[in-house]
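A short worksheet on the structure shown next.
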Amino acid sequence: MAIEQARYQLADELGGIEILNARYQHQNFSRHSHEGYTIGVIESGAQQFYRTGGNHIAPQDSIILVNADEVHTGCSASEGGWSYQAMYPTPDQFEQLSQELGIKQQGAPYFGQAVVQDAVVANSLRATLALLASSNNRLQRESMVYASLSLLMTRHAKTAPKAKTQADASKQLGLVKQFLDEQPQANVSLSELANLVNLSPCYLVKQFVKHYGIPPHAYQIQARLRLAKQLLRQGNKQLDVALDCGFHDQSHFSRHFKRALGVSPGRYAKELAA
């Protein structure tokens, strides 16, 4: 029998960090992105995932690193599935951490490697995640978060590469992304988005994919899911959340949510709702 388990929690440190403890066998994550980084440690088995234009294998004890807003997937790379722990700090939280610790890092960090073999950092992350899941000692919790994330940054962060998108389209693409971020529930057409920034629909799709890794309609789904997570944490009903975020119905919403986050909206709400 397949074992599919996932537990989300919300740690209060740095204004709130989602943490996850999961075990999957047949879960197949669709292409998606998070507003925060994905920093995970493989506890057993192995995971295969797409990131940065290529496929990667993360075996037991390795660290998975996915930058914020970076498109990625995930499935098992071993017969028995895989288990892992992860946290999802945002770029703003990393910048705050860098400033408070005096780390010489301009802006949020960029992790060039998708899979890292570093026992020191892996054990530090494990200890931090275990503490966040079990202890209420605020001083210890915050100290561990600062220590593990600063260690990760100093050992593996790099300067983000410059986008390869043509300069004359960068501003327009940014405006399209901003529109989808600010109005994810809007039932907007590709032609309307293209007209908004004076680009042809075909060119907009092509350049959006080059710049953000997925087409505008797929990015819209991710923006809707981000809004849905906020509304679920506030205690809103699933059907209301589905409709307010622009999904056809609750079933449509649940399907996309599970494929992207690995848990149902109901389970997520039960674990993280205020």
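The values are calculated or read from the model by the stated rules, or taken from the named source; none is laboratory data. Computed from a predicted structure; not experimentally measured. Using ideal geometry, Cβ is built from the backbone for each residue, glycine included, and neighbour counts are taken over all protein chains shown. The protein model used for the area step is the full one, side chains on, heavy atoms only, and it has no ligands, DNA or RNA in it. Shrake-Rupley method; radii C 1.70, N 1.55, O 1.52, S 1.80 Å.
Would you confirm, using the coordinates I've provided, whether L193 is open to solvent by less than 50 Å² (accessible area, probe 1.4 Å), more than 19 Å from A68 (Cα to Cα), touching a helix residue (DSSP H, G or I) at 6+ places or on another chain (Cβ under 9 Å) and part of a helix (DSSP H, G or I)? Let's see the steps before the verdict.
Working: open to solvent by less than 50 Å² (accessible area, probe 1.4 Å): yes; more than 19 Å from A68 (Cα to Cα): yes; touching a helix residue (DSSP H, G or I) at 6+ places or on another chain (Cβ under 9 Å): yes; part of a helix (DSSP H, G or I): yes.
Taking the combined requirement at face value, the residue satisfies it.
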Query - Unmet requirement for H248, which otherwise passes all of (1) without any contact (Cβ under 8 Å) to a residue 12 or more places away in the chain; (2) part of a helix (DSSP H, G or I) - result: (2)
Report task. Go through A186, A242, A194 for me and flag whichever is closer than 25 Å to Y88 by Cβ and of a type in the set (A, V, I, L, M, F, W, C). Result -> A242
Query raised in the report: What is the one condition in (1) touching a residue at least 12 places away in the same chain (Cβ under 8 Å); (2) open to solvent by 70 Å² or more (accessible area, probe 1.4 Å) that A269 does not satisfy?
Result: (2)
Query - Qualifying residues in segment 1-17 (those that are open to solvent by 20 Å² or more (accessible area, probe 1.4 Å) and part of a strand (DSSP E or B)) - the one farthest from L129 (Cα to Cα) - result: Q5
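Scanning for something part of a helix (DSSP H, G or I), closer than 14 Å to D12 by Cβ and touching a helix residue (DSSP H, G or I) at 6+ places or on another chain (Cβ under 7 Å), does segment 145-156 turn up at least one residue? Before the answer, list the steps.
We begin by selecting, within segment 145-156, every residue part of a helix (DSSP H, G or I); these are 145-156.
From the residues that got through so far, the ones that are closer than 14 Å to D12 by Cβ too are 145-146.
From the residues that got through so far, the ones that are touching a helix residue (DSSP H, G or I) at 6+ places or on another chain (Cβ under 7 Å) too are 145-146.
Yes, that holds for at least one residue.
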Report summary line: Log entry, pairs with first residue in segment 130-150 being of a type outside the set (G, A, S), second being surrounded by fewer than 14 Cβ atoms within 10 Å (Cβ to Cβ) and assigned to a helix (DSSP H, G or I), beta carbons closer than 7 Å, six or more apart or on different chains, reads L131/Q140; M144/A127
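Looking for whichever is hydroxyl-bearing (S, T, Y), touching a residue at least 12 places away in the same chain (Cβ under 8 Å) and more than 16 Å from V116 (Cβ to Cβ) here; the options are T52, T73, T38. Which one fits? Show your work before the answer.
Values: T52 fails: more than 16 Å from V116 (Cβ to Cβ); T38 fails: more than 16 Å from V116 (Cβ to Cβ).
Checking each option against the conditions leaves just T73.
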Query raised in the report: Residue check: is P161 open to solvent by less than 40 Å² (accessible area, probe 1.4 Å) and either closer than 20 Å to D92 by Cα or modelled with pLDDT of 90 or more (or both)?
Result: no
